[in-house]
Structure formats: C-alpha cells, structure tokens
Amino acid sequence: AIIFYIILLATTNYFKSRLIKHSETDHLTQLPNRGHIHWRFNELAKSKKNLCLVLADIDNFKGINDNYGHLVGDDVLRIVAEQLAQSLRKIDVVGRWGGEEFVMLLPETTAEQALIIVERIRKNIAAITFPMSTTGGSFTTTISFGICQLPIENHTITDYIDGADKALYEAKHKGRN
C-alpha cells in the first residue's frame, strides 16, 4: 500500500507540474504567456529596485500571413521568439503578449541599457532569412520595440505596458524597424 501511495503521489505531482507548465506557456512559441508575465512582473516588482519593460512587435506581420500563409507566419513567430529568448540574460523574462507582440521584463536595467539590447536584437532579426515553404523562396522581416522604465514603487504592469505601447507606436510611426 505504501509503494502504491508513493507511485500515486509521484504520478499526481508529475501531471500537476505539467498542467501548470502548460497553463503558463504559449503553445506556439513555448514562451511564457500573458498570465505568467503578469505573475513574474509582480514577483520582480517585490524584489528588484529597477525594472525596464519592452514591447516588441513584428513589423507588417499581417502581410506575412496574407502573402505566405499562416504556417509561414507561425514559423516567423517561433524563430523570433527563439531569437528573443537567446538574446537575454537568465534573470530577464520574455513572453508572448499576443498576436505578433512579445514582452520582455529586464530587471536591474536602465532604458539606455535596454536600448542597446533591443538594437542588437533588431539587427539580428533583420538579418534572418525566413524560408517560404510553398515556393522555395525566402524573405526578411523587421521588428519594432517600445521601452518603458518607471520607478517600480506604485506602478503596475498596466502602467509599464501603457508606456511601452506609446513608445512602440512612436517607433512604428517613425518607419518601423
């Protein structure tokens, strides 16, 4: 009976951990989802003195889906997600915010430091050649960023997102990339 109980407990814990991981992960990109980003923001706000939030948006993504198909668009999302994840430190958090938007939480980072980080990422993504599965050709795309840094005290993720969204809109308005 004890062995059966131990096996049952281990199995239950395994499935519980998988369920939690699936509930916090975007299926397509395997990045944390919006709910997990909210949780991580709150955790970082409690323990860090400085936090920078960056919104990233793939430029002209609707055109990619319209011209090359949604499967190619999904490939672009996965590749960009991988590039974002590989470009950050272990203490940073990157997740899919929705559609073709990603959010990055950069603790103990100034806006000036974040600008250096996103400029490196921007160049790397612009240099990627994405394959077109139907014709055998290829294309490139770019990404735009909005950076927001506020004092953590008395600010919510909504305040940070609002600031980053305004900066992202300005980047898009000034020509993207």
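Annotations for the structure displayed:
- Counted residues, the range 112-131 - those being open to solvent by 30 Å² or more (accessible area, probe 1.4 Å) and touching a residue at least 40 places away in the same chain (Cβ under 8 Å): 6
- Some residue of the range 163-172 being at pLDDT below 95, surrounded by fewer than 20 Cβ atoms within 10 Å (Cβ to Cβ) and out of contact with any strand residue (DSSP E or B) (no Cβ under 6 Å at 6 or more places or on another chain): no
- Test result for Val54, in contact with a Lys or Arg (Cβ under 6 Å, 6 or more places away or on another chain) and not acidic (Asp, Glu): no
- Per the listing Ile143, Ile79, Ile152, Ile121, the residue uniquely more than 17 Å from the chain's Cα centre (by Cα) and closer than 27 Å to Glu24 by Cα is Ile152.
- Matching residues in the range 45-63 - criterion: being of a type in the set (A, V, I, L, M, F, W, C) and open to solvent by 10 Å² or more (accessible area, probe 1.4 Å): Ala45, Phe61
- Selection of the range 97-111 for residues being touching a Phe, Trp or Tyr at 6+ places or on another chain (Cβ under 8 Å) and either without any contact (Cβ under 8 Å) to a residue 40 or more places away in the chain or part of a helix (DSSP H, G or I) (or both) yields only Gly99.
- Flag set for Arg78, criterion: in contact with a Leu (Cβ under 9 Å, 6 or more places away or on another chain) and open to solvent by 60 Å² or more (accessible area, probe 1.4 Å).
- Those residues of the range 134-149 which are farther than 19 Å from Asn60 by Cβ and either open to solvent by 80 Å² or more (accessible area, probe 1.4 Å) or out of contact with any Cys (no Cβ under 9 Å at 6 or more places or on another chain) (or both), in sequence order: Gly136
The values are calculated or read from the model by the stated rules, or taken from the named source; none is laboratory data. Fair warning: this is a prediction, and the values are worked out from it, not measured in the lab. FYI the Cβ positions are ideal-geometry reconstructions off the backbone, even for glycines, and counts take in every protein chain you see. These area figures cover heavy atoms from the full protein model, side chains too; ligands, DNA and RNA do not enter into them. Shrake-Rupley method; radii C 1.70, N 1.55, O 1.52, S 1.80 Å.
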